[in-house]
Amino acid sequence: MPLDYPTITLAEPRTVRLVATARLRDPVLLGLIDRERLADLEEIENATSGRLSAQQHGAEGITAGEFLATVPHAAFVNAAFAYWRPRELNRFNGPGRGAWYAALTVETCIREIAFHMARELARVNDFHATIDYAEMFASFAGAFVDLRSVAPTPSCLHRDPAIGYPAGNALAEEARAEGLNGIVYPSRRHEGGTCLAALWPHAVQSVTQGGVLRLRWAGTQQPSVTSIV
């Protein structure tokens, strides 16, 4: 058992992750070239894509053999583990290895995204942005660290990222060493919400795409939300 936290055998048939729709579209140049030139475009993508590079060669904290190959939406699962903040931590991952973050409800996802986007918009002092997000549903089964009933609140769930994220990364490292699939925990941005961090690509199962939501920041930290598909 990693640290002193409980583990459970989780069977969660439906979780949701919001992915910016820019990741779901064909390359912008695709409509401007002949189909026979598509191989050239793919060669350029292969040379510049961090996801494809990680899948082929691995990265600092993840091996090439961990990535998915032949399951539906494998590219989106792999992208979650192939991209990370180069100089900053997330709650349960840091530079060199990503994670798949999801929640039990869309509302919790929106609250989490709103928090992180507000941090980014504050850095440029401009709370104006419009981003479309697609729902990506997935199921999970197996052994997870369960922080939902841990008291007092563990340091890895501290609301201040400077405190919570280093502790969360330490917990994630021990969970992976124990072979656990991930961590389920109470959302720190949505009271009563539940989040899940999958620490291995293979832990993300039965991925399907849902609807599309438009989040619009119009001068405030909280976005308006509109269903567009």
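Each value in this text was obtained by applying a stated rule to the coordinates, not by laboratory testing. Since we're looking at a predicted model, the values are computed, not measured. Glycine gets a Cβ as well: all are built from the backbone with ideal geometry, and neighbour counts include every protein chain shown.
Take each peptide in 4-11, 75-82, count the other Cβ atoms within 10 Å of every residue, and average; sorted highest first, the result is 75-82, 4-11. With neighbours defined as other Cβ atoms within 10 Å of a residue's Cβ, the residues 139, 224, 149 order from fewest to most as 149, 224, 139.
Working from the Cα coordinates of the stretch 72-229, the gyration tensor eigenvalues give, after taking √(5λ), semi-axes of 25, 20, 15 Å in decreasing order.
Take the Cα of residue 141, step 7 Å toward its Cβ, do the same at residue 228, and the gap between the two points is 3.6 nm. Here residue 74 and residue 150 are evaluated by their C-beta separation; at R0 = 41 Å the FRET efficiency comes out at 0.80.
To check you understand DSSP bridge types, tell me what percent of the beta bridges within the stretch 95-215 (both residues inside) are antiparallel, rounded to 5. Percentage antiparallel, nearest 5: 85. As a calculated quantity, the FRET efficiency between residue 163 and residue 221 at R0 = 30 Å, using C-beta atoms, amounts to about 0.90.
Loop-resident GluC sites (Glu not before Pro) (DSSP state other than H, G, I, E or B) in the stretch 150-191 with no more than 15 further Cβ atoms inside 10 Å of their Cβ: 178, 191.
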